[in-house]
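Just below is one structure, and these are the notes that go with it.
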Amino acid sequence: MLVHAIGNFALYFSIAVVALMLFKVIYAAITPHDEWQLIKQEENTAAAIAFGGAILGFSIALAGAISNSVDLIDFLIWGAIALLAQLVAFALVRFIFMPKIVARIQNNEISAAIVLLAVSVSVGLLNAASLSY
């Protein structure tokens, strides 16, 4: 029984880590600014805060998917929905609520980054809470 549980843990955890890496790549590709360049080379705190919020939001939703899924396929489907929800959240902030968010993050404006972090984490929490059957 314990061996089976450890196997399930390893499977779900491994897939979640891969999903997190995939999210990081897709999110960075979707955003018009290069998070990694801003964070690594320019030491842009705003980019780190905003990107960290997106990763946290996705992780929260992914945790909800793991907790509530009935099997691996269910988890993968809800993980994909969580990814889509985070991308939609960014698009809403960028195109509707704060059209200059990209320039503000590139200019290292912490206030804009905190708003994006809050939206990303909020969407992740709501997504995770909505995954109940």
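Leaving out ligands and nucleic acids, and using a 1.4 Å probe, what accessible area per residue does the chain come to in Å²? Let's see the in-between values first.
Details: 7420 Å² over 133 residues.
Value returned for the chain: 56 Å² of accessible area per residue.
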*Just grab the label-to-label distance for Val18 and His4, each label 7 Å out from Cα along the Cβ direction, in nm (one decimal).*
2.3 nm
*asked:* What are the equivalent ellipsoid semi-axes of the stretch 7-133, built from the alpha-carbon gyration tensor (square roots of five times its eigenvalues), in whole angstrom, biggest first?
replied: 28, 15, 11
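Would you tally the net charge around Met98, using a Cβ to Cβ cut-off of less than 13 Å, leaving Met98 out, and scoring K and R as +1, D and E as -1? Spell out each step's value before the answer.
Numbers: positive: Arg94, Lys100, Arg104; negative: Glu109.
Net local charge, Met98 excluded: +2.
With N set to the residue count of the stretch 89-133, report its C-alpha Rg divided by 2.2 N^0.38 Å to two decimal places.
Working: Rg = 12.3 Å, N = 45, 2.2 N^0.38 = 9.3 Å.
Normalised by 2.2 N^0.38 Å, the Cα Rg of the stretch 89-133 equals 1.32.
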*asked:* What do you get for the angle between helix 45-68 and the principal long axis of the chain? Use alpha-carbon atoms, 0 to 90 degrees, nearest ten.
replied: 20 degrees
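Quick one: ranking Val115, Val18 by accessible area, 1.4 Å probe, largest first, what do you get? Walk me through the numbers before you get to the answer.
On the way: Val115 60, Val18 85 Å².
Highest to lowest solvent-accessible surface, that is Val18, Val115.
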_For His33, His4, give me the order by solvent-accessible area with a 1.4 Å probe, most accessible first, ignoring ligands, DNA and RNA._
His4, His33
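Pop out the carbon and sulfur fraction of the accessible area of the chain as a percent, whole number, probe 1.4 Å.
Working: 5360 of 7420 Å².
Heavy-atom surface of the chain belonging to carbon and sulfur, 1.4 Å probe: 72 percent.
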*By accessible area of protein heavy atoms, probe 1.4 Å, what ranking do Lys24, Lys40 get, highest first?*
Lys40, Lys24
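The values are calculated or read from the model by the stated rules, or taken from the named source; none is laboratory data. What you see is a predicted model, and the numbers here were worked out from it, not measured in a lab. A quick note on method: Cβ atoms are made from the backbone with ideal geometry, for glycine too, and the neighbour counts reach across all protein chains shown. Protein only, heavy atoms only, side chains kept; ligands, DNA and RNA dropped before computing areas. Shrake-Rupley method; radii C 1.70, N 1.55, O 1.52, S 1.80 Å.
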